[in-house]
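The structure appears below as structure tokens.
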Amino acid sequence: MAEGKQKALVVDAHFDLLFDLGKRHTLGEKQVIKNRYLPLFREGGVDVVAGAIYVDDAYLPEMALRQALDQVSSLYQELQDTPDDIQLCCTYQDIVAASEAGKVAIILTMEGVEPLFNDLNLLPVFYQLGVRVVTLTHSRRNYAADGCAYTEVPSGKAGGLTDFGVRVVELAQRLGIVVDVSHLNEEGFWDAMEFCPGPVIFSHSNPKALCNVPRNVTDDQIKAIAQHNGVVCINATNLMLDTNPQRVDVSRYLDHVEYVADLVGVDFVGLGFDFCDHLLAFLSDAEKARLPKFFAAPGISNHREVANVKKGLFQRGFSESEVARIMGGNYLRVFKEVVGK
């Protein structure tokens, strides 16, 4: 299929897929994607899933690398066991090819560089394994930077990127890895923008103007992402949508999408749902203590319901072209520019 005539693809820019695979494989479960997730992807019309490596607090720092590699191994086993339905995609053309073959494209991402600890030589290794997007932090401090907490917590003074964090950002750009600044505190964000001349993304962050919590981002940050030709992908969890749980639903999700589109333009907003209710059973006590209670918004609570977003965007007056860009085109534009064709 000629470029320009291909199907408009729907992208979820953030899903803790590898954490789930690693835990379930440890328990002896196989073909997790095929049995648990593929039906949801298909029903919701999701074509591309950015699956994140994520390391629980209980394993830091000593076990972070092993946990990450075990998760990648689990994904590779899934790819081997389900070759007709899913494909690991390391370039834009891989994604196009997967779509044309009727497969769900998996983009491998890393949520927090804890697996690297302070060894920059490990980043090219993860690149060779397929990692194409790197989130610098989770909501905690690591060797690269300070994360932003979900709620106000006692802490010393926040810092920006460390020297190691700067080197991670610079090497990521040379390798062709998208820099993701979700979870990064505001000081670190502005450092990242200084050292990243090209597109940068928020893979799962929302505007503070609609939900004023530390984990969300300011209008100035959103504008900076647009100025760098990046994309802000909107999170579907209650914590990010509204401080009043009673107001959390698919309509509130659409409010956040529309807010970013109105602020900086339709070309700079996407979808990063962060569906993570399925993780609760696998989190350690240390991680449960660190994270607040969360749930996905009714009406957009799993991948089966992603079609509700498209329907809602049309109802709010977005054109077919605009909806296509929001649902996945904007994210893929950034991926293509940074990672390559």
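From the list T162, T137, the lone residue that is of a type in the set (S, T, N, Q), under 21 Å from I53 (Cβ atoms) and either surrounded by 24 or more Cβ atoms within 10 Å (Cβ to Cβ) or touching a helix residue (DSSP H, G or I) at 6+ places or on another chain (Cβ under 7 Å) (or both) is T137. Within the set of pairs 6+ apart or on separate chains, which have a first residue in the stretch 21-43 that is closer than 18 Å to I53 by Cβ, a second that is of a type in the set (A, V, I, L, M, F, W, C) and outside any helix (DSSP H, G or I), and C-beta atoms under 7 Å apart? If the second residue must be of a type in the set (A, V, I, L, M, F, W, C) and outside any helix (DSSP H, G or I), the pairs left are I33/I86. Listed here are the helices (runs of 4 or more DSSP H) enclosed by the stretch 230-341 that have at least 2 residues being closer than 17 Å to Y150 by Cα: 238-241, 285-290.
Among residues of the stretch 306-322 that are over 16 Å from V11 (Cβ atoms), those with a beta-carbon under 8 Å from a residue that is among the polar types (S, T, N, Q) and part of a helix (DSSP H, G or I) at least six positions away or on a different chain give the pairs G312/S251. Here A192 fulfils each of the conditions (1) open to solvent by 10 Å² or more (accessible area, probe 1.4 Å); (2) in a helix (DSSP H, G or I) apart from (1). Is there a residue being of a type in the set (D, E) and out of contact with any Gly (no Cβ under 8 Å at 6 or more places or on another chain) anywhere in the stretch 63-77? Taking every residue of the stretch 63-77 in turn, none turns out to be of a type in the set (D, E) and out of contact with any Gly (no Cβ under 8 Å at 6 or more places or on another chain). When the stretch 62-87 is filtered for residues that are farther than 26 Å from L40 by Cα and among the small types (G, A, S), only A64 remains.
Would you check which residues across the stretch 311-341 are under 21 Å from Y259 (Cβ atoms) and under 19 Å from the mean Cα position of the chain (by Cα) and list them? Result: A324, R325, I326, M327, G328, G329, N330, Y331, R333, V334.
Could you tell me which residue of the stretch 51-93 is surrounded by the most Cβ atoms within 10 Å (Cβ to Cβ), considering only residues that are more than 19 Å from I106 (Cβ to Cβ) and charged (D, E, K, R)? Out of the qualifying residues, it is D56.
For A286, state whether it is in contact (Cβ under 8 Å) with a residue 12 or more places away in the chain, closer than 25 Å to V153 by Cα, small (G, A, S) and crowded, with 20+ Cβ neighbours inside 10 Å. No: the conditions fail for A286. Consider the stretch 229-249 and keep the residues that are buried (at least 16 other Cβ atoms within 10 Å of the Cβ) and over 18 Å from the mean Cα position of the chain (by Cα). The one that is nearest to P292 (Cα to Cα) is D242.
The values are calculated or read from the model by the stated rules, or taken from the named source; none is laboratory data. Keep in mind that this is a model prediction, so the values were computed, not measured. Using ideal geometry, Cβ is built from the backbone for each residue, glycine included, and neighbour counts are taken over all protein chains shown. All accessible areas refer to the heavy atoms of the entire protein, side chains included, with ligands and DNA or RNA removed. Shrake-Rupley method; radii C 1.70, N 1.55, O 1.52, S 1.80 Å.
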